[in-house]
Amino acid sequence: MRLEFEILSEPRRGRVVTLDQDNPSPGRLPWVLETEAFRITLTTEEPSEAASLVFDSVVIELSPDDESGRSFSILPQRSDRGILKGLFYNYIGVAVCCVEVVQGTDRIFDEVGSVEVLAKKASAEQVHQMIDYILAIDEADQLHSKSPTRRQAGIDREFGERPIRLIEQLAEAVRILQDQTPYLVGSPISALKTRHEILDGAAVRDLGEEDITWLANNLSVLEDASDPENAVLKHQGRLYQAREIQSTVLHENTDLYENQIIHGYVDSLLRFVHQLLEGYQHEEKSLTLNHYDGYVSFFDVAQDWLSKKNQTHIARLKKLKSDILELQALMNRFIPVRKIDRSLPRFTPRVRSNRHYAVIFRAAHEWYQGAKIDWGFEQMLLSITNIPKLFELYCTLMVRQWLITHYGVGVGHRQSISSDSDLVWEGEVETGYLRMRYEPHYWMPGHGNHRGLIANTEIRTINRARTDGPGVRRTGEFLRRTPDISLEFTDSEQLLKVVVLDAKYTRQQLAFDNHLRDCTFKYVHGLGSTANRLLVQGVFILHPHEQTEYCDFHAQPFGVFGHHPQLPMLGILGLNMSDVETQLDGLLQRLISMTGN
């Protein structure tokens, strides 16, 4: 299959952008501008009765060009002022273009290719605001959710930790070493040990048996003595002195297990700094080569901004590296060892009786137990390729942070947005028990992946409706519904209720006129449960807006905030990205109150 986008608007009018499924273009992605209008043409190898173009949540019905059934196209709509409408308006990033064709009794859904959409520079500021919020909220959650202060928070041994949290732990480990090292180098754990050394003959006064034996075997070191005080041998009336003598000397030996462990611990911290630096510095900016005057690429905007944020962490890690190297040099000078030991420390009697060693051993034991980096969140953020997906994550973190602020970290606080589980928060609320899920998959009954009480109940084609029945086994990766945010309430009578929040990076009018109605059909009528015939109690669209504003589908007094609210509750909430503190308050408080009735 082949898709052609013929540009009909200035300044690039007449150019054609082609996506060919069989011959994908090598190298960089083809690109378009968000304001450009297109004549879209689809060419198929096999005759088809109908065809649609699908990208993101947009479905565009194409019209046949002739009777062959192999060519379909559509022209752009015009605005009230007669201007051709841009297909990708208000979109920035990579758009994956899929096609659905009907061939006889079969519906074929296939990906044709991807195109990068460059947006006006004004969109860059919204990307900056969302990334700033995502990084700030997620870091605050990671750093403060488990203990009153960062220094008191221990390393998580089961899940690993985000790099930002491990930098905090690393800084604390270095601080402890800096506090204790002066005491260690001043009075290290050591043992007296003898060894043979070649000394200046004049310095040795009392010769032992081993010293005399060595002299007997090394007569070449003897010479005439001018001073009788230095003489070590008298032979035939002549006095002899030794230029040098091998003698047994007592010395303080620090090459002991306890010091080997501390050297190994310092070396492990240094290795970990290198690992973190490598991780941050290898998040290389895969900047696009696609540019056009007055427009920006999502990759340039997002990854440039992330790179600037990472520089703060990189600078701090370099300072920690310098501090560790200083500590290592001190220990090499004053507490030398011949080998280092990076194993889990054992608290020997000598450690238990030395407070300074004990402090470092406890810190090392804690560090070794759980110093594992989880790059999941960073990798997920870097894998986002368009602004609608970024907005989804932004909204999800906003809702979760609101729940944490009002109800604490909850039972499921260890679940992160980047974890394998869709559960990101759960806990008690005023009206029962709440579980918040991010992009849960609700599969059709009879599908091998279906779990739990909630199912996708929608039959999408007449042929499937005619053959449906009890016990039907279903297969296919698209037989599911996946809302952005699902709030699953269980009330005091153990009745399951669901409210869906769907994030749409779109204008207010489209959110109300199009997306709210589409999502109402998908989720109110497309999700069901044996536990409750009226499962979905509400559907709400979250969208960006210049000011926080809620618009209800139902006329007053039947809206969410009216005296007689109707079910399902339906509405849209505009979010001002520069004011994220209280804009969810009213709606979420009302939803929690309503689901308990």
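The values are calculated or read from the model by the stated rules, or taken from the named source; none is laboratory data. Note that the structure is a prediction, hence the values are computed from the model and not measured. For neighbour counting, all protein chains shown are included, and Cβ atoms are generated from backbone atoms with ideal geometry for every residue, glycine included. Keep in mind that these areas ignore ligands, DNA and RNA; they rest on the heavy atoms of the full protein, side chains included. Shrake-Rupley method; radii C 1.70, N 1.55, O 1.52, S 1.80 Å.
List of remarks:
- Residue among GLY559, GLY571 that alone is farther than 25 Å from ARG437 by Cβ, at pLDDT 90 or above and buried (at least 19 other Cβ atoms within 10 Å of the Cβ): GLY559
- Every test in (1) in a helix (DSSP H, G or I); (2) modelled with pLDDT under 75; (3) open to solvent by less than 20 Å² (accessible area, probe 1.4 Å) is passed by ILE262 save one, and that test is (2).
- Leading residue by the ranking (least open to solvent (accessible area, probe 1.4 Å)) among those in the range 484-531 that are acidic (Asp, Glu) and free of Cβ contacts under 8 Å to residues at least 24 places away in the same chain: ASP513
- Of all the criteria given as (1) modelled with pLDDT under 90; (2) open to solvent by 30 Å² or more (accessible area, probe 1.4 Å); (3) part of a helix (DSSP H, G or I), the one not satisfied by ASN310 is (2).
- Residue satisfying condition, being farther than 27 Å from GLN401 by Cα, touching a Lys or Arg at 6+ places or on another chain (Cβ under 8 Å), crowded, with 18+ Cβ neighbours inside 10 Å and without any contact (Cβ under 8 Å) to a residue 60 or more places away in the chain, within set MET444, MET436: MET444
- Within the range 370-387, considering residues that are within 21 Å of LEU170 (Cβ to Cβ) and surrounded by 15 or more Cβ atoms within 10 Å (Cβ to Cβ), the one modelled with the lowest pLDDT: GLY376
- Checking CYS98 against (1) assigned to a loop (DSSP other than H, G, I, E, B); (2) at negative phi, the condition it does not meet: (1)
- Failed condition for HIS274, given (1) at pLDDT below 75; (2) open to solvent by 50 Å² or more (accessible area, probe 1.4 Å): (1)
- Restricting GLU161, GLU100, GLU168, GLU111 to residues that are acidic (Asp, Glu), open to solvent by less than 40 Å² (accessible area, probe 1.4 Å) and at pLDDT 85 or above narrows the list to GLU168.
- Enumeration of residues in the range 55-78 that are open to solvent by 30 Å² or more (accessible area, probe 1.4 Å) and more than 41 Å from the chain's Cα centre (by Cα): SER63, PRO64, ASP65, ASP66, GLU67, SER68, ARG70, ARG78
- Any chance GLU488 is charged (D, E, K, R) and not in a strand (DSSP E or B): no
- Comparison of SER48, SER52 shows that the only residue that is over 22 Å from TYR91 (Cβ atoms), in contact (Cβ under 8 Å) with a residue 40 or more places away in the chain, surrounded by 18 or more Cβ atoms within 10 Å (Cβ to Cβ) and more than 34 Å from the chain's Cα centre (by Cα) is SER48.
- Subset of the range 494-553 that is in a strand (DSSP E or B) and of a type in the set (Ser, Thr, Tyr) - its residue that is farthest from the chain's Cα centre (by Cα): SER529
- Hits in the range 532-578 (condition: without any contact (Cβ under 8 Å) to a residue 40 or more places away in the chain and among the charged types (D, E, K, R)): ARG533, GLU546, ASP552
- Summed over the range 542-597, the residues that are of a type outside the set (Phe, Trp, Tyr) and over 25 Å from SER492 (Cα atoms) give a count of 27.
- Residues located in the range 340-369, provided they are open to solvent by less than 50 Å² (accessible area, probe 1.4 Å) and part of a helix (DSSP H, G or I): VAL351, HIS356, TYR357, ALA358, VAL359, ILE360, PHE361, ALA363, ALA364, TRP367
- Once the range 11-37 is narrowed to residues that are more than 14 Å from PRO76 (Cα to Cα) and more than 36 Å from the chain's Cα centre (by Cα), the residue that is surrounded by the fewest Cβ atoms within 10 Å (Cβ to Cβ) is GLY14.
- Within the range 13-36, residues that are under 23 Å from PHE299 (Cβ atoms) have Cβ atoms under 7 Å from residues that are open to solvent by 50 Å² or more (accessible area, probe 1.4 Å) and hydroxyl-bearing (Ser, Thr, Tyr) in these pairs: LEU33/TYR292; GLU34/TYR89; THR35/TYR89, counting only partners at least 6 apart in sequence or on another chain.
- Residue that is farthest from VAL499 (Cα to Cα), among those in the range 452-483 that are hydroxyl-bearing (Ser, Thr, Tyr) and either assigned to a helix (DSSP H, G or I) or open to solvent by less than 50 Å² (accessible area, probe 1.4 Å) (or both): THR467
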